[in-house]
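Undergrad: Can you read through this structure? Questions will come right after.
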Amino acid sequence: MTELKRYITSYFGIQPTSLESIASLFQPGTLGKGDFMLKTGEHCEHLSFIRSGLVRIYVPTESGVEVTQWISNQGSFITDLSSFIFDTPARWTIQALTDTELFTISQADYRSMGKLVPEWNALEVRFLARCFATMEDRIFAHLSMTAEERYWAFFENNKDLFNQVPLQYIASMLGMTPETFSRIRKKATL
């Protein structure tokens, strides 16, 4: 639980008593490699913090191709945010790529935080703003960078993932075909 408390403190700058109230609502759990936290079409009833491991967020398409939205690692929150907040069917599938340790809060406990933590509304706005800013950065990269620039920007910040997950997942997340990804990667080794 210490990792979760440390992350919440650095992320939100929260008061110690509020930190204890929030952290007490998260329950430890695990996903085995290949286990699903959520499948497309289900209702997302959990928000989890990754203590250790790797999780892929993706959508299977009708053509059989899986489109990776993100690969999350230690220190990340994971959920299908739209489904979790608006109680709609999930668009994303969330699957563990490795054995994964999580701290998870239920949708019901999440919704009760406003009663337990006086400053929760401001903290939630900050949390959702960070989620939005992350998506905005991804959209900006896809609209303004070439495939090669996206590859290098991601590589510089996530070198360890290149040895831990199938490269086609990274290619998909970066919006490129495995062939384009391979060509850029081969060019980098010359």
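Undergrad: Got at least one residue in segment 24-35 being buried (at least 18 other Cβ atoms within 10 Å of the Cβ), within 17 Å of the chain's Cα centre (by Cα) and more than 25 Å from residue 120 (Cβ to Cβ)?
TA: Yes, segment 24-35 has at least one match.
Undergrad: Might you check whether a residue that is among the small types (Gly, Ala, Ser), closer than 19 Å to residue 37 by Cβ and out of contact with any Pro (no Cβ under 7 Å at 6 or more places or on another chain) occurs anywhere in segment 84-95?
TA: Among the residues of segment 84-95, at least one is among the small types (Gly, Ala, Ser), closer than 19 Å to residue 37 by Cβ and out of contact with any Pro (no Cβ under 7 Å at 6 or more places or on another chain), which makes the answer yes.
Undergrad: Look at segment 106-119 and say how many of its residues are in a helix (DSSP H, G or I) and within 16 Å of residue 84 (Cβ to Cβ).
TA: 8
Undergrad: So which of 134, 100, 177, 93 ends up being in contact (Cβ under 8 Å) with a residue 60 or more places away in the chain and polar (S, T, N, Q)?
TA: 100
Undergrad: For the structure I just gave you, tell me whether residue 96 is out of contact with any helix residue (DSSP H, G or I) (no Cβ under 8 Å at 6 or more places or on another chain) and of a type outside the set (Phe, Trp, Tyr).
TA: yes
Undergrad: With 61, 88, 104, 100 as the choices, which residue is of a type in the set (Val, Ile, Thr), surrounded by fewer than 17 Cβ atoms within 10 Å (Cβ to Cβ), within 23 Å of residue 165 (Cβ to Cβ) and touching a strand residue (DSSP E or B) at 6+ places or on another chain (Cβ under 9 Å)?
TA: Of the residues listed, the single one that is of a type in the set (Val, Ile, Thr), surrounded by fewer than 17 Cβ atoms within 10 Å (Cβ to Cβ), within 23 Å of residue 165 (Cβ to Cβ) and touching a strand residue (DSSP E or B) at 6+ places or on another chain (Cβ under 9 Å) is 61.
Undergrad: Follow-up question, since we're still on this one. In this structure, is residue 135 within 24 Å of residue 11 (Cβ to Cβ), surrounded by 15 or more Cβ atoms within 10 Å (Cβ to Cβ) and of a type in the set (A, V, I, L, M)?
TA: Taking the combined requirement at face value, the residue does not satisfy it.
Undergrad: Name the pairs: first residue in segment 137-166 and in contact (Cβ under 8 Å) with a residue 24 or more places away in the chain and under 15 Å from residue 185 (Cα atoms), second residue assigned to a helix (DSSP H, G or I) and not aromatic (Phe, Trp, Tyr), Cβ to Cβ under 6 Å, at least 6 apart or on different chains?
TA: What qualifies is 147/180; 148/184; 150/141; 151/184.
Undergrad: Got a sec? Which helices (runs of 4 or more DSSP H) wholly within segment 122-190 have at least 1 residues that are β-branched (Val, Ile, Thr) and at pLDDT 90 or above?
TA: Correct list: 167-173, 178-189.
Undergrad: Also, quick follow-up: Determine if segment 66-78 includes at least one residue that is surrounded by 20 or more Cβ atoms within 10 Å (Cβ to Cβ) and among the acidic types (Asp, Glu).
TA: Within segment 66-78 (the criterion being surrounded by 20 or more Cβ atoms within 10 Å (Cβ to Cβ) and among the acidic types (Asp, Glu)), the answer is no, since none of the residues qualifies.
Undergrad: What is the residue count in segment 147-167 for residues that are under 18 Å from the mean Cα position of the chain (by Cα) and not hydrophobic (A, V, I, L, M, F, W, C)?
TA: So the answer is 6.
Undergrad: So, one more: Considering only segment 1-22, state which residues are free of Cβ contacts under 8 Å to residues at least 60 places away in the same chain, within 21 Å of residue 114 (Cβ to Cβ) and either surrounded by 13 or more Cβ atoms within 10 Å (Cβ to Cβ) or not small (Gly, Ala, Ser) (or both).
TA: Once the filter is applied, which keeps residues that are free of Cβ contacts under 8 Å to residues at least 60 places away in the same chain, within 21 Å of residue 114 (Cβ to Cβ) and either surrounded by 13 or more Cβ atoms within 10 Å (Cβ to Cβ) or not small (Gly, Ala, Ser) (or both), segment 1-22 yields 5, 8, 9, 16, 17, 19, 20.
Undergrad: Next up: In segment 82-93, is there at least one residue being over 10 Å from the mean Cα position of the chain (by Cα), on the phi > 0 side of the Ramachandran plot and of a type outside the set (A, V, I, L, M)?
TA: Scanning segment 82-93, I find at least one residue that is over 10 Å from the mean Cα position of the chain (by Cα), on the phi > 0 side of the Ramachandran plot and of a type outside the set (A, V, I, L, M), so the answer is yes.
Undergrad: Across segment 1-39, which residue is farthest from residue 54 (Cα to Cα) among those that are at pLDDT 90 or above and of a type in the set (Phe, Trp, Tyr)?
TA: Applying the filter and picking the extreme gives 26.
The values are calculated or read from the model by the stated rules, or taken from the named source; none is laboratory data. Since we're looking at a predicted model, the values are computed, not measured. Counting neighbours? That spans all protein chains shown, and the Cβs are built from the backbone with ideal geometry, glycine included.
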